[in-house]
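To start, the structure under review is shown below, and the notes come after it.
The values are calculated or read from the model by the stated rules, or taken from the named source; none is laboratory data. Small disclaimer: the values here were computed from a predicted structure and weren't measured. Glycine gets a Cβ as well: all are built from the backbone with ideal geometry, and neighbour counts include every protein chain shown.
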Amino acid sequence: MRMPGKNHIAVLLGWLCLPLAGVALASQPSGGQGSPIEYRISLREPDKHFFHVEMRVAEAGPELTVQMPAWNALYRVRDFAQYIVALRATDSAAQPLPVRKLDKQTWRVITSGTSVTVRYDIYWDQPDAYSSQLNSRHAFLNLASVLCYVVGRKGEPATLGFADVPESWRIATALRWDDSTKRYVAPNYDELADAPVEIGDFEETVVLVGSARYRIVIDGDPAVYRLDQIKTTIERIVAYQTKLMGGVPFAEYLFLYHFLPESGGGMEHKNSTAIFLRADDIKNDPGSLAPVTAHEFFHLWNVKRIRPQSLEPVDYTQEQYSRALWFAEGVTSTYADLTLVRTGLYSRERFYSELARQMEVLQSRPARAWRSAEEASLDAWLEKYPHYARPEFSISYYNKGELLGILLDLGIRRATGNRRSLDDLMRQLYQHYAIQSKFYDDQRDIETACEAIGGTSFREFFARYVAGTDELPYGTYLGYAGLALRLEKREAAWLGFDTYRRGGKHYVTDITADSPAAQAGVQAGDELIALDEKSLPRDIARAVRSRRPGERVRLRVKRGDTEHTCRFRLAIRSVEEFEVFEKPVASLLEQRIREGLLKGITEP
């Protein structure tokens with residue numbers, strides 16, 4: 001796909017087109033197919049953070065129902081309609097039409113049987129990968145959070161245009177650009193919603209890997225990053241994962257990076273990803289870009305194309321429950337770490353350390369005794385509630401899913417004498433489901449595929465560890481690869497509270513009432529901004545353990561719109577630390593399995 005540069009800005013002031021959702025939307029009721037649904041977004045008031053939206057619908061019929069999604073991509077109902085101002089409608093003669101609101105996100109327009117133009121303003125100023133933002137510096141759009149759709153007609157083509165774009169700004173998106181019509185084109189609302197847009201004076205470069213072209217767009221201060229390092233990292237990740245999966249299903253892919261003061265996280269899309277990272281993290285450790293990049297890129301296969309039936313067709317109006325997020329998200333995390341060690345971006349020691357850290361995270365959560373990986377997947381929609389993050393209430397389907405992915409790989413290698421692996425499973429799923437435009441059953445199809453690859457039953461594994469809550473057999477499965485696990489209990493420094501991570505940000509939970517942190521003013525629900533004026537590591541608790549109990553710290557937190565600096569001494573508590581290490585004596589098969597895991601190889 002080819003995207004316009006600065007010399008094409010003028011044509012973007014008209015209308016742009018978008019594609020149909022294919023198999024998943026085949027059952028959608030269809031309206032007129034002669035003309036696309038046309039969207040136009042004006043950026044005329046960036047300082048006020050309002051996108052001004054027009055939606056033109058031909059062949060509207062006697063009435064037209066439009067709806068704003070309540071959620072998209074992030075498994076959380078967020079009610080985007082709360083940001084809409086003054087939705088109204090006119091006919092082809094620009095005469096007002098009656099509009100009646102039906103519920104919090106739905107409006108019905110009584111039409112005169114001709115084309116209808118719906119107009120509204122929508123406010124967005126949230127700097128993260130899951131929302132939208134408009135200001136004097138740039139615009140970033142997750143289009144499902146900005147654009148309504150016509151109920152019953154999501155499967156129709158659409159066009160999208162931008163007006164009032166500053167002259168120096170460019171546009172980057174994975175939507176297809178049609179040079180003949182001077183529009184972006186794609187066939188339906190789902191495709192539209194799955195293509196974020198960055199508009200601004202960004203830096204851009206291109207990487208070519210195999211037959212595909214990868215655009216790298218960066219919104220951030222050039223002083224905090226080195227473009228050559230970013231290109232090298234992306235090339236290694238893309239080259240490895242492309243080889244692993246046997247090629248890519250596109251001609252062009254877009255990496256959108258934002259390096260900002262206090263933001264983090266990433267969101268996968270079918271032909272692109274939007275990644276927001278702290279500028280300080282990139283400046284201090286350029287390699288911090290690699291894990292989220294490897295995770296989000298692998299999603300182009302796992303979840304965007306290898307997709308559970310429970311997520312299709314997309315229902316933007318309410319929660320869409322899935323038992324398979326442990327696989328869709330967690331096993332994607334497995335492949336992020338496997339990619340990094342297999343490309344040399346991680347040493348094997350770093351890989352073992354990350355594996356041990358994931359074990360520590362799961363073992364530190366009492367909820368693992370009663371909440372399974374499948375139940376954690378179903379309950380993803382509860383993650384917006386702070387209390388749900390407490391260790392006694394929940395586990396992470398990312399965390400346990402990542403560990404299950406490692407165990408499955410080792411189990412398959414053991415069962416087949418290292419002739420097959422989790423890699424073979426992913427390729428089979430891609431060929432059987434994605435290539436054939438099918439979706440897998442949440443509960444049975446992954447197990448069936450494991451048995452086909454491994455040549456043995458995995459029923460007990462799935463019953464006990466995926467659907468059930470038995471403790472994961474770390475020692476047994478690590479032993480298949482000549483690895484061992486050491487557990488050490490010790491007293492360590494502690495902040496005096498636990499934290500949870502949501503949308504790339506860290507928040508306070510379970511604060512001990514008489515702890516120095518509580519006495520210094522830290523409160524449950526505070527967002528953590530900085531520790532000793534340094535950006536926060538991903539695993540705050542583990543980083544603090546390396547310090548001394550009683551050591552003085554300065555913690556900057558945000559409460560509402562106000563920041564506070566709290567000074568206190570670190571508390572102390574007992575912790576369990578895991579260490580994964582190579583056994584001094586291992587059988588030949590165990591050594592081959594270990595090298596297969598670390599290098600992504602199997603026996604002929």
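Among the residues of region 448-468, the ones that are buried (at least 19 other Cβ atoms within 10 Å of the Cβ) and without any contact (Cβ under 8 Å) to a residue 24 or more places away in the chain come to 1 in all.
Can you work out which of the residues in region 164-193 that are among the charged types (D, E, K, R) and surrounded by 18 or more Cβ atoms within 10 Å (Cβ to Cβ) is modelled with the lowest pLDDT? Steps first, answer last, please.
Filtering region 164-193 for residues among the charged types (D, E, K, R) gives 164, 167, 170, 176, 178-179, 182-183, 190-191.
Next, only the ones that are surrounded by 18 or more Cβ atoms within 10 Å (Cβ to Cβ) stay: 170, 176, 183, 190-191.
Numbers: 170: 96, 176: 89, 183: 75, 190: 96, 191: 95.
Residue satisfying both the conditions and the ranking: 183.
Is it true that some residue in region 411-425 is buried (at least 19 other Cβ atoms within 10 Å of the Cβ), polar (S, T, N, Q), touching a residue at least 60 places away in the same chain (Cβ under 8 Å) and in contact with a helix residue (DSSP H, G or I) (Cβ under 9 Å, 6 or more places away or on another chain)? For region 411-425, residues buried (at least 19 other Cβ atoms within 10 Å of the Cβ), polar (S, T, N, Q), touching a residue at least 60 places away in the same chain (Cβ under 8 Å) and in contact with a helix residue (DSSP H, G or I) (Cβ under 9 Å, 6 or more places away or on another chain): present. State all residues of region 574-604 that are surrounded by fewer than 17 Cβ atoms within 10 Å (Cβ to Cβ) and among the small types (Gly, Ala, Ser); if no residue qualifies, say none. Correct list: 574, 587. Among the residues of region 193-208, not a single one is over 17 Å from residue 139 (Cα atoms) and in contact (Cβ under 8 Å) with a residue 40 or more places away in the chain.
Matching residues to (1) buried (at least 20 other Cβ atoms within 10 Å of the Cβ); (2) assigned by TED's automatic domain parsing to the domain that holds residue 339; (3) assigned to a helix (DSSP H, G or I):
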{"position": "352", "(1), (2), (3)": "yes, yes, yes"}
{"position": "355", "(1), (2), (3)": "yes, yes, yes"}
{"position": "358", "(1), (2), (3)": "yes, yes, yes"}
{"position": "368", "(1), (2), (3)": "yes, yes, yes"}
{"position": "375", "(1), (2), (3)": "no, yes, yes"}
{"position": "380", "(1), (2), (3)": "yes, yes, yes"}
{"position": "384", "(1), (2), (3)": "no, yes, no"}
{"position": "387", "(1), (2), (3)": "no, yes, yes"}
{"position": "393", "(1), (2), (3)": "no, yes, no"}
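Report the residue count in region 505-545 for those that are among the small types (Gly, Ala, Ser) and closer than 17 Å to residue 361 by Cα.
Going residue by residue through region 505-545, those that are among the small types (Gly, Ala, Ser) are 513, 515, 517-518, 520-521, 524-525, 530, 535, 541, 543.
Now drop any that are not closer than 17 Å to residue 361 by Cα, which leaves 541, 543.
Of the residues in that region, 2 qualify.
In region 194-252, the qualifying residues are those that are surrounded by fewer than 20 Cβ atoms within 10 Å (Cβ to Cβ), among the hydrophobic types (A, V, I, L, M, F, W, C) and out of contact with any strand residue (DSSP E or B) (no Cβ under 8 Å at 6 or more places or on another chain), and the one that is nearest to residue 345 (Cα to Cα) is 244.
Could you say which residue among 422, 407, 485 is out of contact with any Gly (no Cβ under 8 Å at 6 or more places or on another chain) and among the hydrophobic types (A, V, I, L, M, F, W, C)?
Details: 422 fails: out of contact with any Gly (no Cβ under 8 Å at 6 or more places or on another chain); 485 fails: out of contact with any Gly (no Cβ under 8 Å at 6 or more places or on another chain).
Testing whether each residue is out of contact with any Gly (no Cβ under 8 Å at 6 or more places or on another chain) and among the hydrophobic types (A, V, I, L, M, F, W, C) leaves just 407.
Cβ-Cβ distances below 9 Å connect the following pairs, each with a first residue in region 270-296 that is in contact (Cβ under 8 Å) with a residue 24 or more places away in the chain and under 12 Å from residue 256 (Cα atoms), a second residue that is in a strand (DSSP E or B) and charged (D, E, K, R), and a separation of six or more residues or different chains: 271/252; 272/215; 274/198; 274/268; 296/268.
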